[in-house]
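Engineer: One structure is given below, represented as structure tokens, and several questions about it will come after.
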Amino acid sequence: MTSASTSARLVIRRPDLTANVLERVVAALAARADLPLDRLSDAQIASAAAAVAASRHMADGALNVEFDGEPGAVTVRIGPLPAGAAEQVVEESAVPGVGAIVERLVDRWSVDRRATGDESLSLAIVDRDGAGP
Amino acid sequence: MAATLAPRGGERGVNEPAAHVELTLPADAESVVLARQMVRGLVDFLGWGDESRNDISIAVTEACTNAVLHAYPDGGGEYTVRAWVEPDRLVVAVCDEGRGITPRVESPAAGLGLGLPLMLAIGDEVSFSSDSEGVTQVRITFTEGGGGG
């Protein structure tokens with residue numbers, strides 16, 4: 001892994017491709033960020049769960065995801081989403097007996113609201129034992 | 001395998017459907033792994049075998065590496081990998097807004113010159129184009145076991 005940061009923007013217009021594509025891209029980004037294997041796995045699962053839930057809120061069927069990777073940390077931003085949808089995405093990732101997967105697996109999540117009325121869901125996964133920011 | 005070199009403005013149809021998946025990356029060497037993994041995810045979705053997956057990964061890596069090495073000689077810039085998935089074929093286009101298709105010039109940064117032969121050997125159809133808006137595109141059509149797969 002180098003010290004360089006990595007950014008990427010992904011658009012998925014076919015929901016049935018979301019899990020396959022997102023899991024692989026997130027895994028590559030997490031590996032480049034030197035996340036340990038358990039955190040890499042958390043990043044994959046949380047991102048895929050959030051993206052699949054988010055795709056149900058997209059009127060035009062296009063899911064937009066932005067990624068940032070830096071040593072020890074990965075950030076995944078999903079959106080724009082309709083107003084109010086970001087928190088619903090977190091809630092809809094719930095699995096019986098486990099709770100909201102997104103909330104359980106990521107280190108931080110936040111909703112960024114824009115003046116235009118839409119919003120995005122931001123997920124941060126860091127290396128808890130390492131030098132993550 | 002068929003290869004074409006389209007003139008400026010001659011390749012992209014105005015009615016072309018939007019790509020099913022689109023990944024935009026900075027034009028640096030370390031980004032290529034993300035493009036490769038995106039395409040491997042699509043091959044997994046199609047259920048094609050390991051040989052196809054490996055061959056397609058090589059061809060897409062070469063197309064992306066071309067964009068990284070040659071599109072922006074002054075650094076910076078981005079490239080986009082677009083993909084269309086159909087039951088029996090996968091179309092991948094690597095697009096940049098760099099300096100366009102230029103003749104190969106021997107230099108240490110030019111590599112071994114194997115990228116184009118590999119893309120032609122692995123893809124079923126390969127085309128190269130630059131349009132009037134300055135977008136250069138390498139477009140490769142794959143089928144399972146087709147081309148070199």
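The values are calculated or read from the model by the stated rules, or taken from the named source; none is laboratory data. All figures in this text were calculated on a predicted structure; none of them were measured in a lab. So basically every Cβ, Gly included, is an ideal-geometry build from the backbone, and we count neighbours across all protein chains shown.
Engineer: Looking at A:Val126, A:Val76, can you tell me which residue is closer than 23 Å to A:Asp16 by Cβ and touching a strand residue (DSSP E or B) at 6+ places or on another chain (Cβ under 6 Å)?
Structural biologist: Just a single option satisfies the conditions, and that option is A:Val76.
Engineer: Another question about this same structure. From the list B:Ala59, B:Ala19, which one is part of a loop (DSSP other than H, G, I, E, B) and either at pLDDT 95 or above or buried (at least 21 other Cβ atoms within 10 Å of the Cβ) (or both)?
Structural biologist: B:Ala19
Engineer: A follow-up question, please. Filtering the stretch B:70-92 down to residues that are within 13 Å of chain A (Cβ to nearest Cβ) and hydrophobic (A, V, I, L, M, F, W, C), which residue is nearest to B:Met119 (Cα to Cα)?
Structural biologist: Ranking the qualifying residues of the stretch B:70-92, first place goes to B:Val92.
Engineer: Would you confirm, using the coordinates I've provided, whether A:Ala86 is within 12 Å of the chain's Cα centre (by Cα), over 22 Å from B:Leu25 (Cβ atoms) and more than 10 Å from chain B (Cβ to nearest Cβ)?
Structural biologist: Yes: the conditions hold for A:Ala86.
Engineer: Tally time: how many residues in the stretch B:73-101 are in a loop (DSSP other than H, G, I, E, B) and either touching a residue at least 60 places away in the same chain (Cβ under 8 Å) or within 21 Å of A:Leu10 (Cβ to Cβ) (or both)?
Structural biologist: Counting residues in the stretch B:73-101 that are in a loop (DSSP other than H, G, I, E, B) and either touching a residue at least 60 places away in the same chain (Cβ under 8 Å) or within 21 Å of A:Leu10 (Cβ to Cβ) (or both) gives 5.
Engineer: Further question: Out of all the residues in the stretch A:25-46, which are among the small types (Gly, Ala, Ser), in contact (Cβ under 8 Å) with a residue 40 or more places away in the chain and part of a helix (DSSP H, G or I)?
Structural biologist: Within the stretch A:25-46, A:Ala30, A:Ala43, A:Ala46 meet the criteria.
Engineer: Right, here's the next one. Run A:Ala73 past the list (1) touching a Ser or Thr at 6+ places or on another chain (Cβ under 8 Å); (2) more than 14 Å from every other protein chain (Cβ to nearest Cβ); (3) of a type in the set (A, V, I, L, M, F, W, C) and report the number of the one that doesn't hold.
Structural biologist: (1)
Engineer: So, of the residues in the stretch B:25-36 that are crowded, with 21+ Cβ neighbours inside 10 Å, within 10 Å of A:Ala28 (Cα to Cα) and facing chain A (nearest Cβ under 7 Å), which turns out to be modelled with the highest pLDDT?
Structural biologist: So the residue we want is B:Leu34.
Engineer: Right, something else. Go through (1) free of Cβ contacts under 8 Å to residues at least 24 places away in the same chain; (2) within 17 Å of A:Ser122 (Cα to Cα); (3) in a loop (DSSP other than H, G, I, E, B) for A:Asp60 and report which single condition fails.
Structural biologist: Here A:Asp60 clears every test but (2).
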